[in-house]
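Peer 1: Supplied in structure tokens, the structure appears directly below.
The values are calculated or read from the model by the stated rules, or taken from the named source; none is laboratory data. Computed from a predicted model, the values in this text were never measured in an experiment. Quick reminder, even Gly has a Cβ in these numbers, built from the backbone with ideal geometry, and neighbours come from all protein chains shown.
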Amino acid sequence: MKQMPPGFDLTGDEVWVHKDDETGEVTLSAKRPNPDQDRLSVLFAMLDEAPLPEDFLADRPNAIEIPGNPLEDWTES
């Protein structure tokens, strides 16, 4: 285990390491939990508290509209 100089301490037990290929500089960043994972946990907790209705995204009786040709009336001048 390497120690950082005083004043350069990082929180946590793990770090991200990035090396710039052009300059050779190495950057250490404290590894934090994945924020997307936190957001997903919140979403799943919300779904547990208030589940979606059984018919959510079920087939609907409305007809599918097929768009016409937007250039049908176009004439070259």
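Peer 1: Criterion first (assigned to a loop (DSSP other than H, G, I, E, B), at pLDDT 85 or above and farther than 27 Å from Gln3 by Cβ) does Pro61 satisfy it?
Peer 2: No, not satisfied.
Peer 1: Go through the stretch 20-41 and report how many residues are loosely packed, with under 10 Cβ neighbours inside 10 Å and at pLDDT 85 or above.
Peer 2: 7
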